[in-house]
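Here the structure comes first, spelled out in structure tokens, and everything after it is commentary.
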Amino acid sequence: MSLADELAKLDELRQRGAISDDEFARAKARLLGGSEIPAVDAVNRLRRSRDDRWIGGVCGGIAKITDIESWIWRLVLFALALFGGTGVLLYVLLWIFVPEES
């Protein structure tokens with residue numbers, strides 16, 4: 001379904017009274033790319049770093065979004081790797097599924 005179709009359906013719901021004007025405005029903003037939740041925007045901006053990388057750039061990418069130094073993220077993932085291998089699994093999954101910055 002195209003963006004125009006989605007907006008038309010929203011307008012139809014508003015005209016029938018199924019949603020309020022405020023709900024319409026929030027849904028329209030979400031469709032047009034703005035999210036009300038900052039964490040969602042941060043996850044959508046997540047990219048593996050090309051500059052700050054040791055292996056795959058995952059920690060450097062997380063550091064850019066969170067404003068926490070990449071060495072801290074590396075330390076956290078290393079600690080998680082020592083306790084059951086969770087850090088290794090998490091790093092590999094992020095390496096696979098997070099795109100590299102352009």
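The values are calculated or read from the model by the stated rules, or taken from the named source; none is laboratory data. All of these numbers come straight from a predicted model, not from anything done at the bench. No Cβ is skipped: glycine too gets one built from the backbone with ideal geometry, and neighbour counts run over all protein chains shown. For the accessible areas, the whole protein counts, side chains as well, though only heavy atoms, and no ligand, DNA or RNA atoms are used. Shrake-Rupley method; radii C 1.70, N 1.55, O 1.52, S 1.80 Å.
Rolling a 1.4 angstrom probe over the protein heavy atoms, how many square angstrom per residue are accessible across the chain? Intermediate values should be presented prior to the final figure.
Working: 7320 Å² over 102 residues.
Heavy-atom accessible area per residue stands at 72 Å².
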With eigenvalues of the C-alpha gyration tensor scaled by 5 and rooted, the chain, Å: 40, 14, 12
Within the accessible area of the chain (1.4 Å probe), percent carbon and sulfur: 62 percent
Who wins for biggest fluctuation among Arg50, Arg14, Arg74 in a Gaussian network model of the chain, springs between alpha carbons below 10 Å? Arg14
Helix 86-97 vs. the chain, principal-axis angle (Cα, 0 to 90°, nearest 10): 50 degrees
Which of the listed residues, Ala79, Ser2, Ala18, is farthest toward the dipole's positive end in the chain, when Lys, Arg count +1 and Asp, Glu count -1 at the beta-carbon? Ala79
